[in-house]
């Protein structure tokens, strides 16, 4: 039997692939949806945006123009854009307004994933 995610050859008794961590299907005919596959891959790669909502809001209020809260939530491009905006006179006000909006627009699921 082969792993559906990485293609590694598995023994019959394994329920989880030792190479990629993906669950092994008991019936080969059963197909996973695309969303389930993407979710498993994201969990394996560590790309889930899991952080504390309170910490995110505090960072947005005190260090918002520098984009520190975006780096905390793994939004690296947004954080870099805010740092660059902060270096200009007009950009600092744009970055400040953007950070205030971020602080109030945040949503968090029960398992800790953030949606901004």
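Computed values, structure above
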read-out: Residue order, fewest to most beta carbons within 10 Å, for 37, 86; value: 37, 86
read-out: Per-residue Cβ neighbour rank within 10 angstrom, fewest leading, 59, 66; value: 66, 59
read-out: Förster radius 25 Å - calculated FRET efficiency between residue 88 and residue 57, Cβ distance, rounded to 0.05; value: 0.45
read-out: 5, 56 arranged by Cβ crowding within 10 Å, fewest neighbours leading; value: 5, 56
read-out: Orientation-averaged projected area, Cα convex hull of the range 53-115 (nm²); value: 3.7 nm²
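A short reminder: the numbers here are calculations on the coordinates, not readings from a lab. All figures in this text were calculated on a predicted structure; none of them were measured in a lab. Don't worry about glycine lacking a Cβ; one is built from the backbone with ideal geometry, like all the others, and counts go over all protein chains shown.
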